[in-house]
Amino acid sequence: MKERDKRSDFKQNLESSMPILGLASFIFILLYFAGAITILSYLVFIVLFASGLLVITVVQKNDANVANNIQKFSEDTYFDYIVESLNSLPDALIIVNKKEEIIFYNTNAQIIFFDNKAFDSEDIIRLTSIIPSANLMNSIQEVREENISKKIDISLDEELFFETNIANAVKGINNRNNEGEVVIYLKNITELKRLSKIRTEFISNASHELKTPISVILGLTETLLNFGDEDPKMQKKFLKKLGDEAERVQTLIEDLLSLNYLEMRENITLEEKVNLNLIIEEVAESLLILTKKEQINLKLSIPKDDTFIIGEQNDLRRAFLNLIENAIRYNNKNGDVIIELFTKDQNAILNIKDNGLGIDDIHLERLSERFYRVDPEDSKKKGGTGLGLSIVKHIANRHNAELKISSKIGEGTQVSLIFELL
C-alpha cells in the first residue's frame with residue numbers, strides 16, 4: 001500500500017513537471033531537424049531537463065513539509081485539547097516523572113498547591129516540596145514497581161485532606177518516552193472530613209447528654225420501687241426529681257429534632273411575609289410566668305409601624321423564644337431584660353439585652369456551637385441543653401440574618417439579630 005502511494009505521488013509530481021520536460025524535448029528535436037545540433041543546443045536541453053527534475057524534487061519536498069506540518073498541527077491541537085480537558089477537571093491533578101519532578105499540574109492544583117502560579121515547563125519542582133507525604137511517595141513507588149493503581153488518603157498539616165488516586169501514565173503522544181511517569185489525582189475531601197467530625201462529635205455528645213438523665217431516672221425508679229413506701233417525703237422528692245429529668249430528656253430530644261428539621265429545610269426558599277412586631281409580642285407574653293418566677297423585669301420596645309420581612313414564622317418564634325428565655329434564666333434577681341426592635345438602613349434589628357453576670361470574651365465565638373456551655377453545671381440546673389444558640393444560628397442563616405453577641409463581665413450580654421427588610 002505504501003509503495004503504491006509513493007508511485008502515485010511520484011506520478012503526480014512528474015505530471016507537474018511535464019511542460020518543462022516537453023519544452024526541452026521539443027527544442028532539442030527542432031534543432032536536430034534544422035541541423036543545428038551544437039554544444040549550445042545540448043546545454044539548453046540539459047538546463048531545461050534539469051529544471052524539470054528540480055521541479056519534481058521541490059514539489060516532493062514541499063509535499064513532505066506540508067505533511068509534517070499537518071501532523072505537527074494535529075499533535076499540537078490534540079495536546080491542547082488534552083490540557084484543556086485536564087484543566088476542566090473538578091479536582092487537582094499532578095503528573096511527575098521518574099525523578100519525582102512535576103512535569104504538569106492542572107488549574108485546580110495550581111490554586112491549591114502552587115499559590116495560583118500557572119504551570120511552566122521550565123520550572124523544576126520536586127513533588128516532596130509541595131506535598132511532603134511519606135505515604136504518597138511510598139505509594140508512587142509501589143504503583144511503578146507493581147504496575148498497579150492505588151487509592152490513599154493524605155493530609156497537609158491536618159488542615160487539608162485529599163482522597164488521592166495514583167496510576168502510571170499512559171503512552172504519550174507520538175510515542176513519547178514517558179517511562180516512570182505517574183498521574184496523581186487529588187480530590188479535596190476537607191469539607192467531608194469536617195462534616196464527618198461534626199457528626200461524630202454530635203452523636204457522642206447527644207449520647208452523653210441523654211445517658212446522664214436516663215441513668216438518673218433509672219436510679220430513682222429503682223430506689224422508689226425498693227424504699228418508696230417507707231418514706232412518703234422521700235417518695236415525693238424523688239418523684240419530683242424524676243419529673244425534672246424526664247423533662248430534661250424531652251427538651252433535649254425536641255432540640256435535636258429541631259436541629260434536624262432546620263438542616264433538612266435549609267435549602268428551601270423562604271416566601272412567607274411575616275410581621276416581626278407580632279411574633280415578638282407573642283413570645284414576650286408567653287414568658288411572663290417565667291419572668292415572675294425568676295423575678296425579672298421584662299421591657300419591650302417595638303415600633304408603631306409593622307416590621308415585615310420574608311421568613312418562616314415558627315422558626316423565628318423559636319429563635320426569639322430561645323434568646324429571651326436565656327436572657328431571663330441567666331440574669332440576676334430583679335434584673336432587667338430589654339427587648340428592642342427598630343429599623344435602620346433597610347434592616348430590621350432586634351436587640352435582646354440583660355444586665356446579668358456577663359460572659360468572658362474567650363467563650364463568645366463558640367457560644368453557637370452544639371452542646372457548648374460556659375458553665376455546664378449551671379446550664380443543666382437551669383434546664384439548658386447546649387443547643388439553644390446553635391438552633392438560633394441555623395435559623396439566622398436560613399433567613400440570611402446576622403447574629404451578633406457582645407458581653408462584658410459584670411455588665412451583662414446583648415444578642416442582636418439583623419434582618420433584611422421586605
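The values are calculated or read from the model by the stated rules, or taken from the named source; none is laboratory data. Note that the coordinates shown come from a computational prediction; the quantities given were computed from them, not determined experimentally. Positions of Cβ are generated from backbone atoms using ideal geometry, with glycine treated the same way; all protein chains shown enter the neighbour counts.
See the values below:
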read-out: Yes/no for residue 297 being more than 30 Å from residue 209 (Cβ to Cβ) and not β-branched (Val, Ile, Thr); value: yes
read-out: Criterion: part of a helix (DSSP H, G or I) and modelled with pLDDT under 75 - qualifying residue of 209, 254, 247; value: 209
read-out: Hits in the stretch 227-253 (condition: touching a residue at least 12 places away in the same chain (Cβ under 8 Å) and among the polar types (S, T, N, Q)); value: 251
read-out: Qualifying residue in the stretch 345-355 (condition: part of a loop (DSSP other than H, G, I, E, B), on the phi < 0 side of the Ramachandran plot and either of a type in the set (Gly, Ala, Ser) or modelled with pLDDT under 90 (or both)); value: no
read-out: Among residues of the stretch 101-130, those that are assigned to a loop (DSSP other than H, G, I, E, B) and surrounded by fewer than 17 Cβ atoms within 10 Å (Cβ to Cβ), counted; value: 9
read-out: Residue tally, condition under 28 Å from the mean Cα position of the chain (by Cα), in a loop (DSSP other than H, G, I, E, B) and among the hydrophobic types (A, V, I, L, M, F, W, C), over the stretch 386-422; value: 2
read-out: Matching residues, the stretch 268-297, being within 21 Å of residue 314 (Cβ to Cβ) and polar (S, T, N, Q); value: 269, 275, 277, 286
read-out: So residue 110, is it within 26 Å of residue 170 (Cα to Cα) and either small (Gly, Ala, Ser) or at pLDDT below 50 (or both); value: no
read-out: Tally, over the stretch 267-304, of residues that are under 22 Å from residue 400 (Cβ atoms) and either of a type in the set (A, V, I, L, M, F, W, C) or outside any helix (DSSP H, G or I) (or both); value: 16
read-out: Pairs where the first residue, in the stretch 394-416, is without any contact (Cβ under 8 Å) to a residue 40 or more places away in the chain and under 18 Å from residue 369 (Cβ atoms) and the second is among the hydrophobic types (A, V, I, L, M, F, W, C) and part of a strand (DSSP E or B), C-beta under 7 Å, 6+ apart; value: 402/418; 403/417
read-out: Residue check for residue 241: farther than 30 Å from residue 148 by Cβ, in a helix (DSSP H, G or I), in contact with a Leu (Cβ under 6 Å, 6 or more places away or on another chain) and not polar (S, T, N, Q); value: yes
read-out: Failed criterion for residue 398 (all others in (1) touching a strand residue (DSSP E or B) at 6+ places or on another chain (Cβ under 9 Å); (2) farther than 23 Å from residue 210 by Cα; (3) modelled with pLDDT of 90 or more hold); value: (1)
read-out: Qualifying positions in the stretch 254-303 - touching a residue at least 40 places away in the same chain (Cβ under 8 Å), within 30 Å of residue 203 (Cα to Cα), out of contact with any strand residue (DSSP E or B) (no Cβ under 9 Å at 6 or more places or on another chain) and surrounded by 12 or more Cβ atoms within 10 Å (Cβ to Cβ); value: 255, 256, 258, 259, 262, 265
